[in-house]
Amino acid sequence: MAVAMALFTRDLRVHDNPVLAAAAQAAEMLPLFVLDKTICATDYLSPNKAAFLVAALADLNEGLRRSGGHLMVRHGDTVREVCRLVRQYAVDEVHIAEDVSAYSRRREDQLRTQLAAANCGLRVHTGSITVAAPGRLTPSSGRDHFAVFTPYHRRWAQLPVRTPLPVPQHIRLPHGAGSEPVPAATDLTTGATSPELPPGGETAGRRLARDWFREDISTYADRHDDLAGDATSRLSPYLHFGCLSATELVHRSDLSAPGAAAFVRQLCWRDFHHQMLAARPETAHSDYRTRNDHWHVDTASLAAWQTGRTGYPIVDAGMRQLAAQGWMHNRSRMITASFLTKTLYLDWRRGAKHFMGLLADGDLANNQLNWQWVAGTGADTRPNRVLNPIRQADRYDPDGTYVRRWIPELAHLRGRDIHRPWRWHADGVGGYPARIVDHEQAACDFAGIRQHE
Ligand code: FAD
């Protein structure tokens, strides 16, 4: 093949990149990323994501330069830009990673049709964004995807994991392929980023992964739910943008070492949600298993939840962590999501949208389907479970360290007292508000609504 194009999407890395490795086999190749106008116009590209993305693109550019290439960055409609460059450089084959959203499926279909008309091939690479290609595993019932995690995990864990691919040593660009500067985040979106946003890019992601495998993973199985311990990998934004390969992480995990099996199991959750979204793309917006909820509409409660002012310290701490870091601990995500959907009985889509606006790892498959899992409209086999914020706080933040870090107004309350400020300050204290709702009462109402239906 004389000229190939590597069309980067959510695989912004040079290590273990099937798209790049295949395109680099050609005599000449064009590495391209298109800032698609549709994506830029949606809620998806929040200030946090834009900042992470531009850092990842700059880092990818550097990575490609080390092999003699560079990244071409274009703005506009992806299919149109690809076709234009295909004609300009007489590209024979375009390589792209398989993805699962309705948008990416549409993009792939349009590319296939329009490239065929231009006499150019399209090769879609599986195992680039996920470990197992969505649809590769199907249950014996004949369904096209798994709806329950445990049997999926059982099968997934038996799959052979391919060996990670090396960085291409030499990239030869077609004559005249100039580079454009990677845009600034402010060119893409306006608005402030979270002050403690992690640095984007493959280099930062690999450094974090190296430290994770060197030592931190060993306590993961025992401490991943310890809110103050902060003992999870924090690799999620790097996985979302493909600065790290999930396959490589699984490959590097020595399953006999402490913590590794628990960590790899979480990566399986990621694949699980991707295969669900691939099979049911509409679940990005609609219930996976509808129960015809009639969600409350209560803008004041929604605003209190969004701004970390519900009066429930464990909930508010999570929401403040999200705003400050563009990331939230998984246990906090579950507690805050349960509070929104089952204590306040507000629509999961409201919460998912707010998360998407701040999470650097905000991911259609993982965000929407985790929200649905918590809301009881998704894959949870116990859809009516309600997380009690007080019990969760006592269990996962037993001495209140996590809450104390994010809610200094309550720092004077000792130990677990911090989880129940209303016992001492029924009307709030130091600017921290009173409870907007009594959880016990609200959960009873919620159960009543459920029974009623
Ligand atoms: P670790 O505990 O170190 O796990 C390693 C990796 O496994 C993560 O980086 C992630 O890629 C994957 N993973 C872990 N838990 C899950 C899970 N439950 N579902 C899918 N993948 C998982 N994760 C996202 O990547 N993007 C999201 O937008 C997102 N939204 C969420 C919304 C809600 C309401 C909930 C309950 C969970 C959400 N998660 C999401 C899953 C999970 O909370 C994060 O992946 C995790 O907190 C990231 O931190 P970490 O990298 O330290 O995770």
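Run through the DSSP bridge list for the chain and note the antiparallel percent, rounded to the nearest 5.
5
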Pair ARG265, THR150: separation of 7 Å Cα→Cβ label points (nm): 1.2
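Going by how many other Cβ atoms sit within 10 Å of their own, how do PHE146, PHE272, PHE213 line up, fewest first? Kindly include the intermediate steps, with their values, before the conclusion.
Values: PHE146 23, PHE272 26, PHE213 19.
Least crowded to most crowded, the residues run PHE213, PHE146, PHE272.
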What's the exposure ranking of SER256, SER128, going from fewest to most Cβ atoms within 10 Å? SER256, SER128
Rounded, prolate or oblate: which one fits region 178-335, using the alpha carbon gyration tensor with axes a ≥ b ≥ c (rounded when a/c is under 1.5, else prolate when a/b beats b/c, else oblate)? rounded
Tell me, how many Å apart are the Cα centres for region 262-320 and for region 147-172? 27
To the nearest Å, what is the center-to-center distance of region 212-243 and region 1-48, using C-alpha atoms only? 27
How much length, in nm to one decimal, is gained on full extension between ASP211 and THR42, taken as 0.36 nm per residue of separation minus their Cα-Cα distance? 57.4 nm
Just to check I understand the Karplus step: with θ = phi - 60° and J = 6.51 cos²θ - 1.76 cosθ + 1.60, what whole-Hz values come out for region 374-381, glycine and proline as x? 5, 6, x, 9, x, 8, 5, 6
Quick check: residue separation of ARG106 and ILE390 times 0.36 nm, minus the Cα distance between them. What number comes out in nm? 97.8 nm
Take HIS425 and LEU255, extend 7 Å from each Cα along the Cα→Cβ direction, and tell me the distance between the two endpoints in nm. 5.0
For a label point 7 angstrom out from the Cα of THR307 toward its Cβ, which stretches of region 392-436 have the backbone nitrogen within less than 11 Å? 433
In whole Hz, what ³J(HN,Hα) sequence does region 340-345 give by Karplus (6.51, -1.76, 1.60; θ = phi - 60°), x for Gly and Pro? 5, 8, 10, 8, 8, 6
For region 95-214, what does the alpha-carbon gyration tensor say about shape, rounded, prolate or oblate, given a ≥ b ≥ c as the root eigenvalues, a/c under 1.5 as rounded, and a/b over b/c as prolate? oblate
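Please give the FRET efficiency for ASN330 paired with GLN169, using the beta carbon to beta carbon distance and R0 = 51 Å, rounded to the nearest 0.05.
Details: r = 39 Å, r/R0 = 0.76.
E(calc), rounded to 0.05, equals 0.85.
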Which whole-Hz couplings ³J(HN,Hα) result when phi for each residue of region 359-366 is put into the Karplus expression 6.51 cos²θ - 1.76 cosθ + 1.60, θ = phi - 60°, listed in order with x for Gly and Pro? 5, 5, 8, x, 9, 3, 5, 6
The set of residues whose placed amide H lies less than 5 Å from the amide H of ARG123, leaving out same-chain residues fewer than 5 positions away, is VAL94, HIS95, ILE96
Label-to-label distance, nm, for residues given as ARG66 and ARG223 (7 Å Cα→Cβ offset): 3.0
Long-range amide H contacts for LEU35: which residues qualify at under 5 Å (H placed 1.01 Å from N, peptide plane, sequence gap of 5 or more or a different chain)? ARG74, HIS75, GLY76
Likely footprinting exposure, GLU93, GLU440, fewest C-beta neighbours within 10 Å first: GLU440, GLU93
With the dipole of the chain worked out from charges on the C-beta (+1 for Lys and Arg, -1 for Asp and Glu) around the Cα centre, which of ASN61, GLN110, LEU410 lies farthest toward the positive end? GLN110
Which shape class, rounded, prolate or oblate, goes with region 3-128 when its Cα gyration tensor gives a ≥ b ≥ c as root eigenvalues, a/c under 1.5 marks rounded, and past that a/b bigger than b/c marks prolate? oblate
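Every number here is computed from the coordinates shown, using simple stated rules; none is lab data. Given the structure is predicted, the values throughout are model-derived calculations rather than measurements. Because the Cβ atoms are built from the backbone with ideal geometry, glycine has one as well, and the counts that use them run over all protein chains shown.
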